[in-house]
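Here's the structure we're looking at; comments come further down.
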Amino acid sequence: MSRKTKRRPRGPTATTTPPARTIWDRAVPVAAVALAIACYGAALDAPIIWDDYFLYGRPNDLARNGGAQWTLFTAPRQSPLAGRPLSVFSYVANRALVGDRPAGFRLFSLALHAANTLLVWGLMRRTFRSSRLPEALRSRAEPAAAFTALLWCVHPLNSEAVVYLTQRTELMASTFYLATLYCAVRAWSSPRSAAWSVFAVVCCACGMMSKETVATAPTAVVLYDVAFLSTDWRATLRRRFKLYLGLTATWLVLAACMASGPRSESVGFGHGVSAGQYLLWQSLAVARYARLMLVPIGLCLDHGDLKHPQLTGSDFVGAMACGATIVAGLLLLGRIAGRRPPLAFALFWFFLILAPTSSFVPIVTEWCAERRAYLAIVGPLGALVATGVCLLFGRSPSAASAAGESAPGRTRLAIFAAGALLVTSASLTVARALDYTDVVALWSDSVAKYPEVPRTHANLANMYFNEAQALKATDRAAAERVAEQALSHYEIATRLDPSDHRMYFNLGLTLDLLDRDVEAEAAFRRAVQIRPDYVNGLRGLAGFLYDHQRPAEAVAPFDELVRIEPRNPEWYFGLGLSTLASGLWDRARDALLVVVQAQPEHVESWFHLGRAYAELGDLAQSETALRRALQVNPQHAGSAKLLDRVLQAGSGGAGS
């Protein structure tokens with residue numbers, strides 16, 4: 001008896017011709033890698049910046065969160081990687097494989113960028129072959145797709161995501177976002193549709209664990225199907241129901257990652273910024289992203305935060321104008337969607353990618369960040385390339401002949417224009433990547449563009465301060481000159497925002513380096529006054545008082561540090577030294593015992609513990625501690641001398 005094959009119901013569909021193997025299959029990957037290296041190779045070993053200071057070198061170290069540790073998949077709350085387990089894993093694994101050099105981290109980021117370029121190429125070459133697009137584009141799908149991908153690869157707007165180490169999260173999210181869409185497109189016509197569908201769901205889930213921007217990926221797959229593959233959305237829903245359900249289920253993965261509020265201090269409501277205010281700011285941000293996509297000149301690392309979210313004067317008028325333009329554009333896209341779904345999708349992609357960061361949920365630490373446009377510009381660039389191809393090659397032969405144009409002439413014009421755009425974009429990207437090799441110049445540029453933003457001044461001052469610290473041991477006069485530059489910007493920052501406790505801490509460090517003791521102490525105390533639980537402020541004040549021979553006054557801030565972070569041995573060590581110098585022998589003993597239990601190889605703690613026991617008259621315990629210090633470091637002169645005195649005081653009995 002013959003068995004009938006059960007067939008799935010299929011509605012009317014648009015076709016996408018699978019690309020045949022051509023020379024492009026070899027040329028594009030080579031070109032993508034070569035261009036990525038050419039654009040960013042000079043910046044591979046550029047210094048770390050900004051949030052990089054938090055993550056670089058921190059995995060497996062005690063964090064400031066009550067002793068919470070990094071693991072393979074978790075980072076401390078409120079950190080840039082909190083709630084992004086796959087991104088955390090990539091950094092921890094990266095460090096284990098290549099060590100601490102920034103170049104090792106950036107090589108991985110560069111590889112991700114090249115991989116994303118190939119994913120864009122693979123997606124575009126299939127998209128441009130859709131039967132819904134003009135024949136002029138379909139017949140030139142390979143070169144058009146290659147040019148789109150390579151132009152995106154060298155676009156200057158992508159430089160921040162590639163060079164800024166912390167923003168690997170953006171690269172990884174984009175990798176999984178593009179892979180999700182690519183696998184979903186392959187599943188449409190492949191005989192192994194089920195396998196491609198599973199790959200799409202897995203990639204989407206991985207993206208949700210990399211960064212929250214992947215939240216719109218399930219929506220992107222549905223809209224792509226409607227725009228390029230299907231002419232009957234009901235039939236498509238029946239055909240792709242399992243895929244859509246699987247993609248939707250990945251939102252549960254995102255919900256699990258966000259359940260603990262990993263960055264609740266910087267994202268969400270309750271920070272003094274309303275949804276309406278944030279929408280106005282995002283009108284300016286989205287307009288800036290669009291302008292930089294078309295004219296990538298004037299890139300800036302830091303645009304400021306939203307501590308003062310109220311827009312006034314010309315800024316308010318500009319935001320309203322940008323918002324009205326965006327709304328009008330979205331309404332126009334709605335009209336276009338019914339007539340030209342592919343064009344509507346390509347343009348709507350820009351807003352879809354930006355939706356998680358540029359809608360109504362406030363991100364108070366950054367109202368504008370150019371890395372957010374990394375993936376968003378793919379759709380509009382594809383639309384611009386497709387439009388250019390259709391305008392150049394879409395005329396009939398008779399019309400082109402009447403206009404005095406020949407097919408070879410138009411081809412040469414296209415090659416020249418494409419080459420000029422690639423060279424120009426790559427040159428701008430190289431220049432921008434080189435900016436990251438000079439952090440003082442990088443932050444000076446931000447200050448020049450946003451002189452009213454206190455954070456830009458503070459970060460520039462940080463760079464000057466780091467330079468002064470490096471010079472202090474070899475050229476004191478030069479160190480003081482550089483520190484004066486840091487001081488001037490810290491003073492501007494505190495004047496622009498007198499409520500920022502962190503700026504006063506840095507101001508105190510700079511004043512201390514310049515030996516302006518009274519002002520330095522006042523700055524540290526001001527930082528703690530603004531935020532009494534500010535760990536760095538308390539550490540700065542306690543260290544300043546101890547270093548200036550005032551150990552009894554240092555005890556109180558060290559006590560507070562121990563209360564805030566009861567598992568951090570650094571504070572117990574400072575408390576032990578301060579109490580020891582203040583004659584509080586029993587308190588010194590108790591604090592130092594905590595340190596040696598947590599860090600048995602810490603020789604200085606054993607030495608000072610021996611001192612505390614000696615002062616308390618417990619010579620046997622003192623001898624034990626000092627012998628332990630010498631066991632850890634036989635060359636520790638202080639322990640050897642004190643041990644001799646202890647043995648003499650005990651008439652040799654303690655050592656017999």
Report summary line: Selection from the stretch 436-449 of residues crowded, with 20+ Cβ neighbours inside 10 Å and farther than 18 Å from residue 304 by Cβ yields 436, 439
Requested in this report: Go through the stretch 112-132 residue by residue and tally those that are part of a helix (DSSP H, G or I), modelled with pLDDT under 95 and of a type in the set (Ser, Thr, Tyr).
Outcome: 1
Report task. Keeping to the stretch 203-235, report how many residues are touching a helix residue (DSSP H, G or I) at 6+ places or on another chain (Cβ under 6 Å) and open to solvent by 50 Å² or more (accessible area, probe 1.4 Å). Result -> 4
Query raised in the report: Among the residues of the stretch 522-531, is there at least one that is closer than 26 Å to residue 473 by Cα, open to solvent by 50 Å² or more (accessible area, probe 1.4 Å) and not polar (S, T, N, Q)?
Result: yes
Query raised in the report: Among the residues of the stretch 100-118 satisfying the criterion of being of a type in the set (A, V, I, L, M) and surrounded by fewer than 22 Cβ atoms within 10 Å (Cβ to Cβ), which is farthest from residue 344 (Cα to Cα)?
Result: 103
Requested in this report: Looking at (1) hydrophobic (A, V, I, L, M, F, W, C); (2) open to solvent by less than 80 Å² (accessible area, probe 1.4 Å); (3) at pLDDT below 85; (4) in a helix (DSSP H, G or I), find the lone condition where residue 88 falls short.
Outcome: (3)
Report task. Answer yes if at least one residue in the stretch 282-292 is in contact with a Pro (Cβ under 6 Å, 6 or more places away or on another chain) and in contact (Cβ under 8 Å) with a residue 60 or more places away in the chain, and no otherwise. Result -> no
**Report entry** Tally, over the stretch 453-488, of residues that are under 18 Å from residue 52 (Cβ atoms), touching a helix residue (DSSP H, G or I) at 6+ places or on another chain (Cβ under 6 Å) and hydrophobic (A, V, I, L, M, F, W, C)
**Finding:** 5
Query raised in the report: Checking residue 576 against (1) out of contact with any Phe, Trp or Tyr (no Cβ under 8 Å at 6 or more places or on another chain); (2) open to solvent by 10 Å² or more (accessible area, probe 1.4 Å), which test does it fail?
Result: (2)
**Report entry** Counted residues, the stretch 163-197 - those being more than 27 Å from the chain's Cα centre (by Cα) and open to solvent by less than 10 Å² (accessible area, probe 1.4 Å)
**Finding:** 3
Query raised in the report: So which of 598, 588, 614 is among the small types (Gly, Ala, Ser), open to solvent by less than 60 Å² (accessible area, probe 1.4 Å), under 47 Å from the mean Cα position of the chain (by Cα) and under 24 Å from residue 558 (Cα atoms)?
Result: 588
Query raised in the report: Quick check, is residue 518 surrounded by fewer than 16 Cβ atoms within 10 Å (Cβ to Cβ), assigned to a helix (DSSP H, G or I) and not polar (S, T, N, Q)?
Result: yes
Query raised in the report: If we only count helices (runs of 4 or more DSSP H) wholly inside the stretch 567-637, which ones have 3 or more residues that are charged (D, E, K, R)?
Result: 585-598, 603-616, 619-632
Requested in this report: Identify the single condition in (1) of a type in the set (A, V, I, L, M, F, W, C); (2) touching a residue at least 60 places away in the same chain (Cβ under 8 Å); (3) surrounded by 22 or more Cβ atoms within 10 Å (Cβ to Cβ) that residue 200 does not satisfy, given that it satisfies every other one.
Outcome: (2)
Query raised in the report: Inside the stretch 523-553, can you point out the residues that are over 20 Å from residue 506 (Cβ atoms) and part of a helix (DSSP H, G or I)?
Result: 551, 552, 553
**Report entry** Residue satisfying condition, being of a type in the set (Gly, Ala, Ser), within 26 Å of residue 215 (Cα to Cα) and modelled with pLDDT of 85 or more, within set 109, 79, 139
**Finding:** 109
Report task. Among the candidates 166, 175, 148, single out the residue that is part of a helix (DSSP H, G or I) and over 20 Å from residue 118 (Cα atoms). Result -> 166
Report summary line: Residue pairs qualifying under the 6 Å Cβ cut-off, at least six apart or on distinct chains, with the first in the stretch 468-485 being crowded, with 16+ Cβ neighbours inside 10 Å and the second being of a type outside the set (Phe, Trp, Tyr) and modelled with pLDDT under 90, are 479/472
Query raised in the report: Can you name the residue in the stretch 292-343 that is acidic (Asp, Glu) and closer than 23 Å to residue 269 by Cβ and, of all such residues, is modelled with the highest pLDDT?
Result: 305
Query - In the stretch 617-633, residue least open to solvent (accessible area, probe 1.4 Å) [restricted to those that are polar (S, T, N, Q) and over 23 Å from residue 570 (Cβ atoms)] - result: 622
Query raised in the report: Of the residues 45, 25, which is at pLDDT 75 or above and within 28 Å of residue 124 (Cβ to Cβ)?
Result: 25
**Report entry** Test: residue 257 is surrounded by 15 or more Cβ atoms within 10 Å (Cβ to Cβ), in contact with a Phe, Trp or Tyr (Cβ under 6 Å, 6 or more places away or on another chain), touching a residue at least 12 places away in the same chain (Cβ under 8 Å) and among the hydrophobic types (A, V, I, L, M, F, W, C)
**Finding:** no
**Report entry** Single residue of 411, 357, 365 found to be among the β-branched types (Val, Ile, Thr), modelled with pLDDT under 90 and surrounded by 19 or more Cβ atoms within 10 Å (Cβ to Cβ)
**Finding:** 357
**Report entry** the stretch 486-498: number of residues that are touching a residue at least 60 places away in the same chain (Cβ under 8 Å) and open to solvent by 30 Å² or more (accessible area, probe 1.4 Å)
**Finding:** 0
Report task. Identify, from the list 274, 266, 283, the residue that is of a type in the set (S, T, N, Q) and open to solvent by 40 Å² or more (accessible area, probe 1.4 Å). Result -> 274
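The values are calculated or read from the model by the stated rules, or taken from the named source; none is laboratory data. Since the model is a prediction, treat every value here as computed from it, not as a measurement. Because the Cβ atoms are built from the backbone with ideal geometry, glycine has one as well, and the counts that use them run over all protein chains shown. When the accessible area is computed, the model is the full protein with side chains, heavy atoms only, and any ligands, DNA or RNA have been set aside. Shrake-Rupley method; radii C 1.70, N 1.55, O 1.52, S 1.80 Å.
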